[in-house]
Structures are given as structure tokens and as C-alpha cells.
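Okay, structure first, notes after.
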Amino acid sequence: MRELCARAALWLYYILQNKGEKEMMAMLFAQRVILSKTEFAEVPAKLKAQVADILIDECGLPELVPVEFGGTAE
């Protein structure tokens, strides 16, 4: 089920290319990282910076974000 959701999310990401959808995809991946359903390393490369910003700035969870993206996780 996890792989199916991840594949569906990636499919949606490539199909829907405008800004609003990218923000929603980043929020989806941030939620999945918070719930430990997806590791930050599994987030698509094009969304990592945006997901990192959401996790740090909006959710106050820098411990879930690697140092290279401004977090405190090692």
C-alpha cells in the first residue's frame, strides 16, 4: 500500500506541473514524513527543499530534516 501511494503521488507530481499542485504535493510529502510513512530521503528531489521548508517553518520539526536542507537530522 505504501508503494502504491508513493507511486500515485509521483505520478500526480509529473502530471500536474503548476505551482499550486507542487505546493500541495510538498505538503503531502511533509505529512507523510511527519507520520513516518515516508523517509525524507524518499521525497522527490524537486520537492525536497520545499518539504524541508514546510517541516521547519510551518511545523517546527527541524529534527526530521537533514542538515544540508537546514534541519538538525544527521
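The values are calculated or read from the model by the stated rules, or taken from the named source; none is laboratory data. Remember, predicted model here, so these are calculated numbers, not experimental data. Glycine also receives a Cβ, built like all others from the backbone with ideal geometry; neighbour counts cover every protein chain displayed. For accessibility, only protein heavy atoms count, side chains too; no ligands or nucleic acids. Shrake-Rupley method; radii C 1.70, N 1.55, O 1.52, S 1.80 Å.
Odds and ends about this structure:
- Here the Karplus relation 6.51 cos²θ - 1.76 cosθ + 1.60, evaluated at θ = phi - 60°, turns the backbone of the range 43-53 into coupling constants of 5, x, 4, 5, 10, 4, 4, 5, 5, 4, 4 Hz, with x for every Gly and Pro.
- Exposure ranking of Thr72, Thr38 by accessible area [1.4 Å probe, largest first]: Thr72, Thr38
- Amide hydrogen neighbours beyond the local backbone of Leu47, cut-off 5 Å, H modeled: none
- Ranking Arg32, Arg7 by solvent-accessible area of protein heavy atoms (1.4 Å probe, all protein chains present), from largest to smallest, gives Arg7, Arg32.
- Each principal axis of the range 19-74 carries a Cα extent, and these read 29, 20, 19 Å when sorted largest first.
- From phi via Karplus (6.51, -1.76, 1.60), per-residue ³J(HN,Hα) for the range 2-9 in Hz, x at Gly/Pro: 4, 5, 4, 5, 5, 5, 5, 5
- In Hz, Karplus ³J(HN,Hα) per residue of the range 68-74 (6.51, -1.76, 1.60; θ = phi - 60°; x = Gly, Pro): 5, 10, x, x, 10, 6, 9
- Between 0 and 90°, nearest 10: helix 19-34 axis offset from the chain longest Cα axis: 60
- Sequence of Met24, Met1 from largest to smallest accessible area, 1.4 Å probe: Met1, Met24
- For Leu61, residues with placed amide H under 5 Å, excluding near neighbours: Ile56
- Think of the chain as a dipole: +1 on every Lys or Arg Cβ, -1 on every Asp or Glu Cβ, centred on the Cα centre; then among Leu4, Val33, Leu55, Leu4 lies furthest on the positive end.
- Database remark: amide H of Thr38 closer than 5 angstrom to the amide H of Val33 (H placed geometrically; neighbours at sequence offset of 5 or more, or on other chains; Pro and chain starts carry no H).
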